[in-house]
Every structure is written in structure tokens, then in C-alpha cells.
1. Determine which single condition Tyr375 fails, assuming it passes every other condition in (1) open to solvent by 50 Å² or more (accessible area, probe 1.4 Å); (2) closer than 30 Å to Gly159 by Cα.
2. Search segment 306-331 for residues that are closer than 30 Å to Ala404 by Cβ and away from the ligand (no atom under 11 Å from the Cβ) and pair each with any residue that is open to solvent by 10 Å² or more (accessible area, probe 1.4 Å) and assigned to a helix (DSSP H, G or I) when their beta-carbon atoms are under 7 Å apart and the residues are at least 6 apart or on different chains.
3. Could you list all residues from segment 147-168 that are polar (S, T, N, Q) and away from the ligand (no atom under 16 Å from the Cβ)?
4. Working only within segment 134-167, note down all residues that are open to solvent by 10 Å² or more (accessible area, probe 1.4 Å), out of contact with any Cys (no Cβ under 8 Å at 6 or more places or on another chain) and part of a loop (DSSP other than H, G, I, E, B).
5. Any idea which residue in segment 390-412 is farthest from Gly179 (Cα to Cα), counting only those that are open to solvent by 10 Å² or more (accessible area, probe 1.4 Å) and in contact with a strand residue (DSSP E or B) (Cβ under 7 Å, 6 or more places away or on another chain)?
6. With a cut-off of at least 3 residues that are within 13 Å of the ligand (Cβ to nearest atom), surrounded by fewer than 24 Cβ atoms within 10 Å (Cβ to Cβ) and among the aliphatic types (A, V, I, L, M), name the helices (runs of 4 or more DSSP H) lying wholly within segment 421-491.
7. Looking for something within 30 Å of Gly205 (Cα to Cα), surrounded by 20 or more Cβ atoms within 10 Å (Cβ to Cβ) and out of contact with any Asp or Glu (no Cβ under 8 Å at 6 or more places or on another chain) - is there at least one such residue anywhere in segment 243-258?
8. Select from segment 332-352 the residues that are within 21 Å of Phe209 (Cβ to Cβ), open to solvent by 80 Å² or more (accessible area, probe 1.4 Å) and in contact (Cβ under 8 Å) with a residue 12 or more places away in the chain and list them in ascending order.
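The values are calculated or read from the model by the stated rules, or taken from the named source; none is laboratory data. These numbers come from a predicted model, not from an experiment. FYI the Cβ positions are ideal-geometry reconstructions off the backbone, even for glycines, and counts take in every protein chain you see. Keep in mind that these areas ignore ligands, DNA and RNA; they rest on the heavy atoms of the full protein, side chains included. Shrake-Rupley method; radii C 1.70, N 1.55, O 1.52, S 1.80 Å.
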Amino acid sequence: MNNSSSLHDLTVAQLAAQLRTRKVSAVETAQHFLARLRQHATLGAFLDVNDEVTLAQARAADAALAAGAADAALLGVPMAHKDIFVTRDFVTTAGSRMLAGYRSPFDATVVARLAQQGVVTLGKLNCDEFAMGSANENSAFGNVKNPWDSSRTPGGSSGGSAAAVAARLVPAASGTDTGGSIRQPASFCGVTGIKPTYGRASRYGMVAFASSLDQAGPLARSAEDCALLLSAMCGPDPDRDSTSLDVAAEDFTRSLNNSLEGLRIGIPKEFFSEGLAPDVRAAVTAALQEFEKLGAKLVEITLPRTELSIPVYYVIAPAEASSNLSRFDGVKFGHRAEKYADLTDMYKKTRAEGFGDEVKRRIMIGTYVLSHGYYDAYYLQAQKIRRMIADDFQQAFQLCDVIAGPVAPTVAWKLGGHGNDPLADYLADIYTLPASLAGLPGMSIPVGFGEGHLPVGLQLICNYLQEGKLLNVAHRFQQATDWHVAKPEGF
Ligand code: GLN
């Protein structure tokens, strides 16, 4: 290919086609992106790169392509991983000082599955510490900037993933979503992202935050690309993740191109209450009108416990985190304090030095709500409401096929804009938490721009295991519109 400067403008599907027809080699492609991610290093998206490893993978992909592996949908396509997936060939930090310089002896299942498909890894992407956050400001390694406006947050916790895709430093990236961390940064950066049904993707090798909520998924520029990647990421992993569903891997691209005629889109009235900023409301409403033009019908529904999802999530997620993070004790992994008097002192100093403020806050909250005397009042109560939230969705899905609404109440806020107020971050998760608590698949697609020409995302939620339907709804919208093609200036 002569015009290699535009390689980064190709979608995953286009790039894979160019690689298959040998118009461009995997090595050329990898080199192009390695140069490009360095050129835009000030975005702060990457935490680790390793040219030698990347180019070796690219050479292997070229050899496979030369041998005629013509049907490989992702062979030679480069992508990068959120630094929450452990990788043998790259450092894994989970955005924490606790794991600075840590090298895993194995690859996460999601990483290994993509590698088996011939995906070339470009490196590791910045994220909030242990995936706790909504603005990427909790990373121990500096904030990622939003490519649409460098004074704004890219969202979180998969902020590096979303920013890298938006800035075309990578054709696609992996992310994880516990309470919105794929959907919200995708929305803030104007890219497409999907979180599958809980259990679809293996959690093996994902540094654990809240195990009953954590799910992996792709961020890319289109629903079609997400379909390609998600197909490779999902599938049972019974020996390594006991919560992985016994549902065979699916080719989600086969679900694309179904008409939306007669599709019932449920609009939860609670997602359009007073907290929703007018610019976001306007873009979301316009997108819903576009869906009507495509033959869909809008139906009002109710998710009456939407507001409760915030306290419920911020009890359950910290509870699980406090347990998961007990493994970081200075003995088994990562950081260990240099000077200490005895074992207890070593634990204390190691954890005091290794964890950032938000992680400590959650460990304390989690320990508190699980403690004797408070367990019934907080944790058990939250679990009960969690079940009700899941039941509310089942009621709603009697009336509609897919649910649509905003991803977040506002566009990306200014870095530091929430000051030292963690509650401001928590409240902004209101629209993503319900689907997370219910374990439902959800996605975000770009549907326009709001204040300051910042992207607005539309959230789409389907019932369990209906990722194919979800991706099709998004794909049909993207065929009729071009919001997903818009690109930030200077990239
Ligand atoms: N913002 C939410 C939190 O801070 C969600 C994070 C996530 O999905 N990983 O917990």
C-alpha cells in the first residue's frame, strides 16, 4: 500500500482485508502504529510497549498470511490491551504502584484468544488503578487526555483504551467494564464499545476488581469491528473461570444486517430525568428519531430502581474489591515496603505505599460493609436490591427488544473537574450501573456532539446473550449515519 499514512484510518475489518489480500504486511502495519503511538505519547494512553515482541508477532502473522490463512478475520491486525489484563510479554500494572514493573508468567485468556487469531499486540493501555474510577484520574501513572480536548477526561476506567482508539493510535483495544468502564469512556471519546453478558468472556488473567461484575470487551470505531473482536474474545473457559458461561463462541458478524423494522426500543423514563444535561439529551433524542426512521418503535418503560443502583454498586463493588485486593500483601505480588519492623508492619507499609487514595477508600468501605454487625444492614440489603434491579429489566424486556438511553449524564468533564469529590464521580455512573448489576450486555455508540464539540454516546442494552442483536442494532444505525467516522482534530 502506497499511502501508509492512512493505515490508521482503516477500520479493523478494512485493515484485515488489506492484510489478507497482501496489500499491506502485518510488519508494516505494526511499524506504522508503533511510530504513531510514540508521536502522540503526550496523550498518556500507553503504559508499556515492546517493539521486539510486537514485530515478532507481526512477522508470525505475515508468515501465516503468506501460507494462505485466508479466512482469518483478525490475522495481523494490531490492537492494545487495557493494563488490567495480565500479559507475559508486557509489564502489567493495573494502573497501580503496587504492581509497577510486574510481569505475569501467563497471558489472560482474552489476550491468548486474540493472539490465537493472529492479533498483534501493540502494548498496554493506561487505566484507573485496579479499574476503579470514571475519569482515569486514579491511575498511578498519570492521567490520559481526551483526544477531542486535552483538558478533558477520556472517561474511565478504560480511558487509555478509548483515547487510543479515538486518536487512531490503535485500530481497536480491549477494555473491562465493572460498572461502565467500557461504555462510559467509549462515550466520552466518541468510539464504539461493548460489554458482553456477564460470563461470556473469561475473567482469567483480568486483575480482579469486583468479580461478580467484571467483564471484558472491545472498544473500536464501529459495531462491525466490535463484532469481529468480541467473537474472538468470548467463549467458555471452565477450567480457569468457574463463572464463565457454558455457551459456545459465536460469530457475531453473522447477526449484522438484520432490518430494524418493528424493533421495539424501550426508553427508561428514569434515564431522562432532571440530572441529564440538555446537550446530551438532545443528541440522544436525535439518535432515537433516527432509529424510528429505520423502522423501530419507541416504547416508554420504567427501571424504577435506577437511582438505587449507585448505593447498591458502591457497596457490592468495594466489598468484593476489599477481598480481591487482600492478595496484595507484599509477599506474593509486586511492591514490598523496604523497611519494616515485623510482618504486620510490612503488610501495613506495603499497602499504604502501594495503593492510591481511591483504592484505599474502597478497601475501607468494603471491609466495613462486610464486617460483623454491618453485613446485614449493607451488603445483604444491597444484594437483595441487586436482584430487584435485574428483575426490573426482565419486566422491561416484556415490552421491548432493546433498551436505549444516555451513557452518562454529561459529556467528558474537565480533568480535575470533580476536585476531590469521589461522590461526583460515583453519581455520573448512574446510567451504566443498572446493566452491570443485572449482568446484561450493553454498548455505547457515538451519536453526536454536545457542549464544546465533545462526543455523546448512546447506550444500548439487550437481554442476556443477545450481543448479536445488540451489535446489529448499532451496526444498522452506523450504516445510516456517520457519527462514528468523525475524528478529533490533529489525529
Ligand atoms: N466508575 C465505576 C467505578 O469506579 C466503574 C468502573 C469500572 O467499570 N471498572 O467503580
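1. Condition (2) is where Tyr375 drops out.
2. Thr306/Glu270; Leu308/Ile385; Val312/Ile385; Val312/Arg386; Val315/Tyr378; Val315/Tyr379
3. Step one: filter segment 147-168 for residues polar (S, T, N, Q), giving 150-151, 153, 157-158, 161.
Scanning segment 147-168 gives Ser150, Ser151.
4. Of everything in segment 134-167, those that are open to solvent by 10 Å² or more (accessible area, probe 1.4 Å), out of contact with any Cys (no Cβ under 8 Å at 6 or more places or on another chain) and part of a loop (DSSP other than H, G, I, E, B) turn out to be Glu137, Asn138, Ala140, Phe141, Gly142, Asn143, Lys145, Ser150, Ser151.
5. Ranking the candidates gives Leu399 first.
6. Details: elements: 422-427, 433-438, 467-480.
Counting at least 3 such residues, we get 422-427.
7. Checking segment 243-258: at least one residue is within 30 Å of Gly205 (Cα to Cα), surrounded by 20 or more Cβ atoms within 10 Å (Cβ to Cβ) and out of contact with any Asp or Glu (no Cβ under 8 Å at 6 or more places or on another chain).
8. So in segment 332-352, the residues within 21 Å of Phe209 (Cβ to Cβ) come out as 332-335, 347, 350-352.
Subset that is open to solvent by 80 Å² or more (accessible area, probe 1.4 Å): 332, 347.
Of everything in segment 332-352, just one residue is within 21 Å of Phe209 (Cβ to Cβ), open to solvent by 80 Å² or more (accessible area, probe 1.4 Å) and in contact (Cβ under 8 Å) with a residue 12 or more places away in the chain, namely Tyr347.
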